[in-house]
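As structure tokens, the structure follows; a few thoughts come after it.
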Amino acid sequence: MKIGSIQNGIVIDHITAGRSMRLYDLLGLESADCQVALIKNAVSGKMGRKDIIKIGAIVPLDLDIIAYVDPKATINIIQDGVLVEKKALKTPQKLVNVVKCQNPRCITSTEQELDHVFVLTEPETGVYRCIYCEAQAK
């Protein structure tokens, strides 16, 4: 299978195999007004297998979401068929309204206007916990 190169857009590369659909959902790419290609299980010399997302336009992306799902992913900005910028990600210390607390007893389940806020509590394993009830993010 061959997916062509893009002239202007964004390539999210080096996504751990199997994580591209979660990124697609969290980034809201289903409502993007441009072409979006998901490539799952692409052969990679470094990683063995990887996922890739190609977006056919320069659109705003929440880098914290990408870093939360896969901090080893890279962001490549393409203009006129040329790579003009490559962004590395930093693991965010705090996530606001990225994921929702799944604890039914959490105050966020009854107080709808509250932000869902998670903080990185275990940097070595990437565990985030709700600031209100300390439930782990899923």
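The values are calculated or read from the model by the stated rules, or taken from the named source; none is laboratory data. Computed from a predicted structure; not experimentally measured. Don't worry about glycine lacking a Cβ; one is built from the backbone with ideal geometry, like all the others, and counts go over all protein chains shown. Side chains are part of the model used for accessible areas, which takes the heavy atoms of the whole protein and leaves out ligands, DNA and RNA. Shrake-Rupley method; radii C 1.70, N 1.55, O 1.52, S 1.80 Å.
Things to note:
- Only listed residue being closer than 20 Å to TYR24 by Cβ, out of contact with any Lys or Arg (no Cβ under 8 Å at 6 or more places or on another chain) and not hydrophobic (A, V, I, L, M, F, W, C), chosen from LYS94, LYS90, LYS86, LYS50: LYS50
- Verdict on VAL84 being open to solvent by 70 Å² or more (accessible area, probe 1.4 Å), out of contact with any Cys (no Cβ under 6 Å at 6 or more places or on another chain), of a type in the set (A, V, I, L, M, F, W, C) and outside any loop (DSSP other than H, G, I, E, B): yes
- Members of region 98-117 that are under 28 Å from LYS40 (Cα atoms) and surrounded by fewer than 11 Cβ atoms within 10 Å (Cβ to Cβ): none
- The set of residues in region 44-71 that are in a loop (DSSP other than H, G, I, E, B) and either within 12 Å of the chain's Cα centre (by Cα) or touching a residue at least 60 places away in the same chain (Cβ under 8 Å) (or both) comprises LEU61, ASP62, ASP70, PRO71.
- Residue check: ILE6 meets all listed conditions (1) of a type outside the set (Lys, Arg); (2) buried (at least 17 other Cβ atoms within 10 Å of the Cβ); (3) farther than 20 Å from GLY81 by Cβ but one, namely (3).
- Residues satisfying the stated conditions in region 1-32, i.e. closer than 14 Å to PRO71 by Cβ and either assigned to a strand (DSSP E or B) or not hydrophobic (A, V, I, L, M, F, W, C) (or both): ILE12, ASP13, HIS14, ILE15, THR16, ARG19, ARG22
- Near pairs, Cβ below 9 angstrom, 6+ apart or cross-chain, from region 127-138 (open to solvent by less than 40 Å² (accessible area, probe 1.4 Å) and part of a strand (DSSP E or B)) to any residue that is modelled with pLDDT under 95 and aromatic (Phe, Trp, Tyr): TYR128/TYR68
- Here LYS94 passes the criteria (1) in contact with a strand residue (DSSP E or B) (Cβ under 9 Å, 6 or more places away or on another chain); (2) open to solvent by 90 Å² or more (accessible area, probe 1.4 Å); (3) over 25 Å from ILE10 (Cβ atoms) except the one numbered (3).
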